[in-house]
1. Anything in chain A that counts as a DSSP H helix reaching 24 Å or more along its axis (C-alpha) with Kyte-Doolittle mean of at least 1.6? List them, would you?
2. Contour minus end-to-end for A:Leu81 and A:Leu98, with contour as 0.36 nm per residue of separation and end-to-end as the Cα-Cα distance?
3. Find the Cα radius of gyration of segment B:1-150, compare it with 2.2 N^0.38 Å by division, and give the number to two decimals.
4. Under a straight-distance cross-link criterion of Cα-Cα below 29 Å, which lysines are reachable from B:Lys29, leaving out those fewer than 8 residues away in the same chain?
5. How far apart, in nm, are two points set 7 Å out from the Cα along the Cα-to-Cβ line at C:Ser433 and at B:Ser41?
6. Can you give me the distance in nm between label points at C:Tyr147 and C:Arg97, each placed 7 Å from the Cα along the Cα-to-Cβ direction?
7. Setting aside same-chain residues fewer than 8 positions from C:Lys356, which lysines have a Cα under 17 Å from its Cα?
8. Which values of log₁₀ I(q)/I(0), to two decimal places, follow from the Debye formula for segment B:111-258 at q = 0.15, 0.17 Å⁻¹ with a uniform point scatterer at every Cα?
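What follows draws every value from the coordinates through simple rules; no lab data is involved. Given the structure is predicted, the values throughout are model-derived calculations rather than measurements. Counting neighbours? That spans all protein chains shown, and the Cβs are built from the backbone with ideal geometry, glycine included.
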Amino acid sequence: MTMHPLSWDLQVLNMLAALLLLLSFAMLSQRRIVALVDLLALQGALLCIATLLLAWRTGNNHLYISAALTLGLKVIFLPWLLHRLIRRLGVYWDTEPLLNITGTMLVGVLVVIFAFGLAQPISALASTATRNSIGIAVAVILIAFLTMITRRKAMSQVVGFLSMENGLFFGAMSATYGMPMVVELGVALDVLVAMLVLGVFFFQIREQFDSLDLKNFESLREDQ
Amino acid sequence: MNAFDWTVQLLGILLALGAAPVLLGWVNKCRAWLQNKSAPSILQPYRGIRKLFYKDAVIAQNASRLFRLAPYVVFGAMVTAAAVIPSVATRLPITRAADAIALVGLLATARVFLSLAAMDVGTAFGTLGARREMMIGFLAEPALLVVIFVVSLTCATTALPIIAERLSAQSFALNPSLAFTAIAFTMVLLAENARIPIDNPATHLELTMIHEALLLEYSARHLALMEWAAALKLFNYACIGFAVFIPWGLATSDAPMGLALSVVVLCIKLTLAGAALALIETLSAKLRVFRAPEFLASAFLFAVLGLLVRLLLGA
Amino acid sequence: MEFIVLLVTPLLGALILGAFGARRWAPDANVGFSLVTFLSACALTSRVVAHGNLSVAHEQFFIDAFNVFLVALTAFVGLTTSLFSRPYMRIEADHGRVSGGQQRLYHSMYQLFMATMLIALTTNNMGLMWVAMEAATLSTVLLVTLYRTPASLEAGWKYFILCGVGISQALFGTILMYFAAEKVLGSEGVSALLWTHLNAVKGELEPSVLGLAFVFLLVGYGTKVGLAPLHNWLPDAHAEGPTPISAVLSGLLLNVAMYAVVRCKVLVEGSLHSSLPGRMLMGFGLLSVVLAAFLLWRQRDVKRLFAYSSIEHMGIIAFAFGMGGPVANFAALLHMTVHSLTKSSIFFAVGHATQKAGTQIMDDIRGLITLSPTVGWGLMMGTLAILGTPPFGVFASEFLILTTAMKQQPWATPILLLALGVAFAAIFGRVQSMVFGETTAKRLPHPPALIPVFAHLGLVLMLGFFIPPYLADWYRAAARLIGGE
């Protein structure tokens, strides 16, 4: 059985999709928060490259703007903001995940299989060249969700949340070559504002609790 | 299957036997250079093996027949494995008898006998090493098998020589699945061959030994065979890697010119691979033993990811 | 024209109050901006009543029977809440619970929240609706944590994360919907995301994709409605934030989220031609009603108690929309209106009650009637209204829903009746002991603003007796629009 040779840009896009999946697994198992933010920035960079390639391939000009937006927001500004927060708050390690690292990764593999199954009907209907990557986008979203669930530190949960947004963006790109520009701008604005709000929030939390460990957030219960 | 093919097969085995210690010597040389030390000669492992053959074997009183048998079994398994792996040619008569899964079985046989023999004499360090070796093997084997599955899916066969032939016939393409499995395979290679970051081959601290602990009780010709088998194991793994991931240069037909060319190409590949291995070893630190399962779980994960990506993207 | 004023006023208010929100006149300015918003909403409403559906800015915004009364309701409750918040925030400032910076934040975020909700209600673009919903959450997160207590920080964190994750699911659903729409409507411009266009071609949209999209949209926007089991953020956010925020969260945000769910349901039902979306809504609705009714018994904090009551009522509304058909939709729309008015009036009364008593724990609040009859009676009346006592409007809508349920989904009727009964017992018992008895509460420095309370309750009472014909026509037109069976 020989493999049909794909054009080089599709090969690169497939490779980028696979690397995105790899990065989300790397984030799942990462204990150092600084490394986590760097992986997020790398994810954003890969997304930017993929958008540029797709823009070149399909000729959609608004994808160029999209790529520039991704670059500015997800690769440069947000990681810078998060790094600044990490330095000022002094949170560097997140060593107590809910499940041990090996177990989490095995659950991650199961999640990926589920995501691929979920995305099959959508891929079958899509008409874009990157339709096979929809499954990877859904997998990235679900693994980011898993990252959020299994973490103790607030900062890691936020990174998981942003990774979920990355997955959504990639999904939109694979299925429909991106959303209309106004929507993408709106989403980017929302993410930006959310991060700014979070920055303020983290300081309030630290002021009150002297730590960003989420163990402090288990006091409000049903029978209060 | 004519006489030429059988000759090629025999040539492959002899080449493996001869080249394995040289590969080990080369890796040691590169490591020494990277660490700014002066290196022993590249033929030093030969001298070591030869010296050991001249010595008298000293065996413990309570050693069973298994203890005496194990070196031969292990060595034999490694030689058979070398026969199955296409190092210089892809038309090997033995292919009909053994495919890649049988190969994994041969490697497992070697491991089992090694571990049993270490436990045979009843020393603490032998048992310690045996347990660690089995743990590493238990985790590394699934990863290796998944790597083979992915490659078999790509080529619709599990026979290594045919896989190599089909992969070398295709033009170069970026295959994410093969990239992931390559990473997984490298990690398995490091683990199974007792390299840093899993085990330090040059250590003399028994508490941190894994592979070395298994050989503590052996001496003379038995030790020589065991060491040669270890070198052969590294050579075999390297050749599996080449056959699957860098198959170009293998002789696929009867021509003697092709054969000579493939020997030369193999030497170049081994040189580069040995240097790369030395580089990885120098740049990594040895992991604590309880972290080894995490390392191997990552290898397994990479392999499974490669499988899933292959199934999803078809690439 | 009125539409532009409607949207620009709160945005302008947010900017101005962001700079000057700590001055003495800031609460009055807040009321002023809300009044202008309300007046323009009334003007817009009369125009829609006179001329029919309105489409603004190349169909980017669309006002029809369904959202026009919600716009008017939002602006009205926004106005009355700002009236309530005047003395409330002054008292809080005097007690030292809010600083100058926090007051600025409060007032500007209040106006911004109004603006985002109005945008979410009037936009035709599904993507922009998502953006506005997320913006509404973001503008209130910092308000929930206004008091900086450990509990409020926890509540704010849960609110942010749960609603954020939930709304990401809704984004995925929107992407899937765009994906299905693009095939039929093409990818030029934003045509494939405009609700009116989607509504026109909903029969041609791919059913499997829309079905999957609806699951994500329901989970996503349903989190913001407070449907169980995604309701965890709601009680905490209501209990720990300032009371005016609890009022607008319960009264307005939940409605807007419900509106989003129903808009999506219309599209999906048109494509699937099955009752799956309706059944999902019914399921979530019933689960919310039952869960909330039983959890009501364990509450010790008065605002949490009424937050669970909000979950229960949103469950009833979801159940009604799930049943579909003209009567159920009519009842659901009526219920949205009266619940919003009643719940906000309850929170107004509760706000002043907690300020007098100095605590939110129900066991420590006693004898409100003796100290301030207006607050006491306001709370009592409001509670009776929300529990569905005739002749208040809530009784009318619940009655309609129950009778429709008996006809269409008889198995659900006993469950609903049981839950409503359990909730009645729980809330009434608590409120009665709060309102009557000996009191240890103090007088307040500023007179409480109780006009809003009685204005809302008066409206609800009127709606119980008599629904003005134009309102009934609206409801009927909207019910027809929503369809379903």
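1. Those that pass (Cα extent of 24 Å or more, hydropathy at least 1.6) are A:8-29, A:33-58, A:101-125, A:181-209.
2. 3.4 nm
3. Scaled against compact globular proteins, the figure is 1.23.
4. Straight-distance partners of B:Lys29: B:Lys37, B:Lys51, B:Lys55, B:Lys233, B:Lys269, B:Lys286.
5. If labels sit at C:Ser433 and B:Ser41, their model points lie 9.7 nm apart.
6. 0.4 nm
7. C:Lys303, C:Lys442
8. Cα-only, vacuum Debye calculation for segment B:111-258: -0.83, -0.96.
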